[in-house]
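Single-structure report; data block below.
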Amino acid sequence: MQRVLSRRSHTFKTCDYEFFKSGFVRFIATSCRAVVLPRFGGPEMLQLRSDVEVPQLKPNEVLVRARAVSINPLDTRMRSGYGRSIFEPLLPLILGRDISGEVAAVGTSVRSFSVGEEVFGALHPTAVRGTYTDYAVLSEDELAPKPPSLTHVEASAIPFAALTAWRALKSTARITEGQRILVVGGGGAVGLAAIQLAAAARCHVTTTCGGQSIDRVRGAGAEQAVDYTAEDIELAIKGKFDAVLDTIGVPETERIGIKFLKRGGHYMTLQGEAASLTDRYGLVAGLPIATAILLKKQIQYRYSHGIEYWWTYMRADSDGLDEIHRLSEAGKMKIPVEKTFPITQAREAHEAKDKKKIPGKVVLELD
């Protein structure tokens, strides 16, 4: 059964009521607002609908009343058709991965959360029903308590980017105290999260970024910040690294990143080719091609440089989210929010990101 508590019933078209002897009234929402993507294209494809069904919860799922959801690069890419081979048969979609809000209902096996508790978290990259909605459904391990010191807007900017960085540095490279870490592209959300994770692990962090981000990445914990627009990276950076996280993922940054690795080190790029190849050739042919390309590169770099090569993606991880929660609560994990829009202006927010009018993090607020 899906039970929902709310102080703002005007956002719902349909709801059922339950009355209790105490006089308390509880209603079960069956539909709500959501920003829907009926087909791929520009920001004009996004439609705000007021009668989107709220699904019944599975035993391990949590219904979250969204208060803030951030826009990630994955959202704008998916809207434009990235992952078409996977998502096109499933249209219409609801975009969005990050969320901060309150628990509105819990499945029968959920033990970590209770109704009314403030939470934040992120859906996995292939979720079809995302977070651009009044009510989002996440599994129990995709959520953590929201740090009381953070607003919903601040909290919503963190999970997806931080979990992406956590999987690369902590799950794949297994960084440890004293190691040297290079973050290529430290000015973006994933880069900033990676710097903070590595600094919290007492690693020595070097990063590349644009000049406008130098102070920010140093504040996040980078010991050396190289402005790639003004300096020669290969001359400015000295020594070798135990792990390189490449958030840019073009051939030149891959070449430089691998050059700076110690033998036995890990190179991880966010720009894996699996989705683009399956879009080009279809799932049946594209996935084996992508697997073969990754395997070839892994073998090639293992023998030529003695390093491990990975395509890295965000994946829900309760241990990772627990650590991100602890760091956020301690003020050691922050992703600055540059601008907010109401959920009713999702189109305008996407247009601003597409036109690069707002370089930093954008968050959609829900009343």
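When segment 109-129 is limited to residues that are among the β-branched types (Val, Ile, Thr) and open to solvent by 20 Å² or more (accessible area, probe 1.4 Å), the one that is nearest to Met314 (Cα to Cα) turns out to be Thr126. Here segment 76-86 is the region considered, the condition is being out of contact with any Ser or Thr (no Cβ under 8 Å at 6 or more places or on another chain) and either buried (at least 18 other Cβ atoms within 10 Å of the Cβ) or of a type outside the set (S, T, N, Q) (or both), and the residue that is nearest to Leu46 (Cα to Cα) is Arg79.
Evaluation of Leu294 against the conditions (1) loosely packed, with under 13 Cβ neighbours inside 10 Å; (2) free of Cβ contacts under 8 Å to residues at least 24 places away in the same chain shows that the sole unmet condition is (1).
For segment 130-244, please list each of the helices (runs of 4 or more DSSP H) lying entirely inside it that holds at least 3 residues being under 15 Å from the mean Cα position of the chain (by Cα) and buried (at least 19 other Cβ atoms within 10 Å of the Cβ). Walk me through how you get there before you give the answer.
Values: elements: 152-156, 159-166, 189-200, 214-220, 233-236.
Filter on segment 130-244 gives 152-156, 159-166, 189-200.
With respect to the stated conditions, Ala352 fails to be open to solvent by 30 Å² or more (accessible area, probe 1.4 Å), more than 16 Å from the chain's Cα centre (by Cα) and free of Cβ contacts under 8 Å to residues at least 24 places away in the same chain.
Of the residues making up segment 103-129, those that are part of a strand (DSSP E or B) and either of a type in the set (D, E, K, R) or touching an Asp or Glu at 6+ places or on another chain (Cβ under 6 Å) (or both) are Val103, Glu118, Gly121, Ala122, Arg129.
Taken over segment 89-106, the criterion of being open to solvent by less than 10 Å² (accessible area, probe 1.4 Å), over 14 Å from Met78 (Cα atoms), more than 12 Å from the chain's Cα centre (by Cα) and not hydroxyl-bearing (Ser, Thr, Tyr) is satisfied by Gly101, Val103, Ala104, Ala105. Pairing residues of segment 259-273 that are under 15 Å from Ala165 (Cβ atoms) and open to solvent by less than 10 Å² (accessible area, probe 1.4 Å) with residues that are in a strand (DSSP E or B) and acidic (Asp, Glu), at Cβ distances under 6 Å and at least 6 apart in sequence or on separate chains, gives Thr269/Asp246. Annotation: of all residues in segment 298-312 being within 26 Å of the chain's Cα centre (by Cα) and either surrounded by fewer than 17 Cβ atoms within 10 Å (Cβ to Cβ) or over 27 Å from Gly81 (Cβ atoms) (or both), the one that is modelled with the lowest pLDDT is Gln298.
Scanning segment 75-100 for residues that are more than 21 Å from Ala122 (Cβ to Cβ) and among the basic types (Lys, Arg) yields a count of 1.
The values are calculated or read from the model by the stated rules, or taken from the named source; none is laboratory data. The structure presented is a predicted model; accordingly, all values stated were derived computationally and were not measured. A quick note on method: Cβ atoms are made from the backbone with ideal geometry, for glycine too, and the neighbour counts reach across all protein chains shown. Accessible surface areas use protein heavy atoms only, side chains included; no ligands, DNA or RNA. Shrake-Rupley method; radii C 1.70, N 1.55, O 1.52, S 1.80 Å.
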